[in-house]
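*Asks:* Have a look at this one before I ask anything.
The values are calculated or read from the model by the stated rules, or taken from the named source; none is laboratory data. Please read these numbers as outputs of a predicted model, since none were measured by experiment. Here the Cβ positions follow ideal geometry from the backbone for every residue, glycine too, while neighbour counts run over all protein chains shown. Side chains are part of the model used for accessible areas, which takes the heavy atoms of the whole protein and leaves out ligands, DNA and RNA. Shrake-Rupley method; radii C 1.70, N 1.55, O 1.52, S 1.80 Å.
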Amino acid sequence: MQLFIGGTCAGKRDAVRRRFDAPHWHSAHAGCRLEAWRSLAETRCLVLEGWERWIGQRLAGEPDDDRLRQAMVRELDALQYWEAEQGGEVVLILLEMGRGIVPLGTDKRRLRDLNGWLAQDAAVRCERAWYVWNGQVKELSR
Amino acid sequence: MIAFISGGARSGKSAHAEALARRWQAERGGARYYLATSSGGNDEWQARIGRHRQARGEGWITLEEPVDLCAALERVESGGTLLLDCLTLWASQLLYSSEYASELDEAQGVAMIERLLAEARQRNVTLVIVSNDVNEGMPPEDAEVWRYLAFLQRVHRLVVQEADEVIQVMAGLPQVWKRRGEERS
């Protein structure tokens with residue numbers, strides 16, 4: 001798995017398009033449910049984006065942050081397993097949203113925290129992690 | 001030569017940009033200009049401007065132009081060095097200033113930047129452009145803030161693509177993304 005992370009409109013999609021040939025885009029912005037990636041059996045390269053939306057959709061149904069974090073981790077583990085089984089490639093696009101002021105609303109604070117934890121949990125499972133900044137791409141060292 | 005320097009609030013980006021403009025002017029000769037995109041403002045804003053002016057020191061010809069960057073460039077002599085500080089303020093004035101908002105949109109703003117970069121190269125003016133990293137917090141909910149952020153990021157990506165030197169400043173330390181002669185990602 002590979003991770004691309006950067007701020008709003010930083011150029012993350014273009015960075016992925018430049019590096020991967022004909023990937024399948026599984027996007028929350030196009031209305032895809034997170035778990036529906038499992039039906040894409042023929043895909044060789046799978047890009048998943050809109051994780052902040054998928055987290056946001058689960059906030060109301062799961063008031064416990066730790067349990068919600070673990071639920072997202074299970075999705076990452078399933079993707080990693082699928083990648084190994086299929087011999088394919090999984091690309092995760094995550095939004096960096098942790099560098100502004102702390103939001104006043106509880107849901108927004110939870111979303112920001114969970115998105116940050118997801119980024120950490122994704123990074124440790126990915127072979128490579130990339131930071132995208134104003135269209136430039138830099139590999140993050142461990 | 002064109003440089004793009006960005007970072008968070010009080011990251012040291014202006015000081016780094018000023019040092020770079022001084023160094024490039026020393027190497028290339030010509031006059032050194034400071035283009036302030038801010039104008040007017042309240043007492044607190046004037047104090048900020050005064051603090052920046054004092055930190056810059058002597059040897060700068062100061063220009064003030066809130067929106068029309070190409071008109072400001074025309075006032076720079078060929079072979080000079082121009083420090084533009086900053087794009088975030090310029091972008092907000094282009095979209096929302098009562099004087100310009102009804103006339104200019106994002107596409108015209110992008111076209112203005114394209115023209116600025118091309119004319120600077122054509123007239124052998126060295127450009128050092130300063131901006132702010134404002135896109136790594138929570139995504140905005142307000143449509144107008146989204147519009148502003150998308151516009152500013154579009155301008156950033158354009159300038160970064162065209163620039164010879166691209167630097168992100170964090171805690172006063174410059175992180176080099178691109179430097180003349182080095183490979184572009």
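*Asks:* Count the net charge of all other residues whose Cβ sits under 13 Å from the Cβ of A:LEU104, scoring Lys and Arg as +1 and Asp and Glu as -1.
*Replies:* +2
*Asks:* Based on Cβ point charges of +1 for Lys and Arg and -1 for Asp and Glu, what charge dipole magnitude is obtained for region B:57-154 about its Cα centre, in debye rounded to the nearest 20?
*Replies:* Value, rounded to 20: 400 debye.
*Asks:* Sorting B:ILE61, B:ILE49, B:ILE129 by accessible area (1.4 Å probe), largest first, what list results?
*Replies:* Greatest to least solvent exposure: B:ILE61, B:ILE49, B:ILE129.
*Asks:* I've got another one for you. Could you order A:ASP66, A:ASP77 by accessible surface area, starting with the largest, using a probe radius of 1.4 Å?
*Replies:* Highest to lowest solvent-accessible surface, that is A:ASP66, A:ASP77.
*Asks:* Another question about this same structure. Can you compute 3J(HN,Hα) from phi for each residue in region A:90-103, using the Karplus curve 6.51 cos²θ - 1.76 cosθ + 1.60 with θ = phi - 60°, rounded to whole Hz and x for Gly and Pro?
*Replies:* These are the phi-based 3J(HN,Hα) values: 10, 10, 9, 10, 10, 8, 7, 9, x, 9, x, 6, 5, x Hz.
*Asks:* Would you mind calculating the relative contact order of chain A from Cα pairs under 8 angstrom and at least 6 residues apart, reporting the percent as a whole number?
*Replies:* Relative contact order for chain A comes out at 41 percent.
*Asks:* Per residue of region B:72-86, in order, report the coupling 6.51 cos²θ - 1.76 cosθ + 1.60 (Karplus, θ = phi - 60°) as ³J(HN,Hα) in whole Hz, putting x for Gly and Pro.
*Replies:* Whole-Hz 3J(HN,Hα) from phi for region B:72-86: 5, 4, 4, 7, 8, 6, 4, x, x, 10, 10, 9, 9, 9, 8.
*Asks:* Here is a further query. Within 10 Å of each Cβ in B:156-166, how many Cβ atoms from other chains are there, averaged over the peptide?
*Replies:* The mean count of partner-chain Cβ atoms within 10 Å per residue comes to 3.
*Asks:* Amide H to amide H under 5 Å from A:LEU94: which residues, 5+ apart in sequence or cross-chain, H placed 1.01 Å off N in plane?
*Replies:* Sorted by chain and number, the residues that satisfy this are A:PHE4, A:ILE5, A:GLY6.
*Asks:* On average, how many beta carbons from a partner chain sit within 10 Å of the beta carbon of a residue in A:68-76?
*Replies:* Neighbouring Cβ atoms belonging to other protein chains average 0 per residue here.
*Asks:* Here's something else I'd like to know. Under 5 Å between amide hydrogens, which residues at least 5 positions from B:LEU127 or on another chain qualify, with H placed 1.01 Å from N in the peptide plane?
*Replies:* B:ILE2, B:ALA3, B:LEU82
*Asks:* Further question on the same structure: So what is the relative contact order for chain B, in percent, with contacts set as C-alpha pairs under 8 Å and at least six apart?
*Replies:* Relative contact order for chain B comes out at 35 percent.
*Asks:* Here's a follow-up. What is the packing order of peptides A:98-107, B:25-34, taking the mean over residues of other C-beta atoms within 10 Å and listing the highest first?
*Replies:* B:25-34, A:98-107
*Asks:* Of the DSSP beta bridges with both residues in chain B, give the percent that are antiparallel, rounding to the nearest 5.
*Replies:* 15
*Asks:* Please get the size of the charge dipole for the protein assembly as shown, origin at its Cα centre, with Cβ charges of +1 on Lys and Arg and -1 on Asp and Glu, quoted in debye to the nearest 20.
*Replies:* Once rounded to the nearest 20, the dipole reads 740 debye.
*Asks:* Oh, and also: Over the whole of B:128-141, what's the average partner chain Cβ count within 10 Å per residue? Rounded to a whole number, please.
*Replies:* Per-residue shielding by partner chains comes out at 5.
*Asks:* Only helical DSSP H runs with n ≥ 4 go in: add -39500 (n - 2.57) per run for the protein assembly as shown, normalise by residue count and round the 222 nm mean residue ellipticity to 500 deg cm²/dmol.
*Replies:* Rounded to the nearest 500, the figure is -14000 deg cm²/dmol.
*Asks:* In angstroms, what radius of gyration and Dmax does the protein assembly as shown have, counting Cα atoms only?
*Replies:* 22.0, 66
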